[in-house]
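Reviewing the structure listed below.
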Amino acid sequence: MSTRSTTQSESSTRSRDFSEEEVYDAVKNLRRRYVLYYLNERGRPVELGDLAEQVAAWENNVAVEDVSPEQRKSVYSALYQTHLPKLEDIGIVTYDRESKRVSFSDCANDFQLYLANDSGTTIPWDRLYLLFSVLGTALVGLAWLGVLTVSPLGVATLLLVLFGTAAVGHVYDRYCWRQRFDGTTPDFALEFDGQRWFR
């Protein structure tokens, strides 16, 4: 491994705080926001070629498979020559030039990048509803077998309370999410260390 590669590896794993200026500098360019969003969505290192194809697809509003060689080459060159080095200098991203893989640096684990118009929530409500469904099925089965001395009305009342409470919580959670990004453009919203930066 070369001295340059070793230095980059050490700097990428060194924990430090990012200044507001550095964070803004990282996300003020649309292509760099695309890079960060793609890495955040994948949650793992990605091939530079795959990254370039996806960014080109977003820029040209086409499916990945419809990206032309010229569009891919243009984005690939810009990422390789300009945007990835910039993100590396800031310390958010690392690029392995041997494997051609791009990933978040270890000190960028606190970054959360969303589409500002994503209908996100802070709780996996689908899993909670599934849990309640399984619980309800188990209670009905046990009551039918006589294991539980609970009337069908009692089981139904319990399930209604559980699902009703969850529904209210779900609606409130969605409301809180919309309030977090109220007034932002349908672009990307960045959260870092408890603060928010928008385009």
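Brief remarks follow.
- The stretch between SER77 and VAL161 holds 24.5 nm of extra length on full extension. This uses 0.36 nm per residue minus the Cα-Cα distance.
- Residues ILE123, ILE92 arranged by fewest to most Cβ contacts within 10 Å: ILE123, ILE92
- With each label modelled as a point 7 angstrom along the Cα→C-beta vector, the GLU70-ARG97 pair spans 3.0 nm.
- Neighbour-count order for TRP58, TRP144, TRP125, fewest beta carbons within 10 angstrom listed first: TRP144, TRP125, TRP58
- Calculated FRET value between ARG174 and ASP50, using beta carbons and R₀ = 41 Å, to 0.05: 0.80
- Phi-derived couplings, Karplus 6.51 cos²θ - 1.76 cosθ + 1.60 at θ = phi - 60°, listed residue by residue for the stretch 45-54: x, 10, 6, 4, x, 5, 4, 5, 5, 5 Hz, with x used for Gly and Pro.
- FRET efficiency estimate (nearest 0.05) - Cβ-Cβ, ALA63 to LEU131, R0 45 angstrom: 0.80
Only the coordinates and a few stated rules stand behind these numbers; no lab work does. Model, not experiment: these values are computed from the prediction. Glycine gets a Cβ as well: all are built from the backbone with ideal geometry, and neighbour counts include every protein chain shown.
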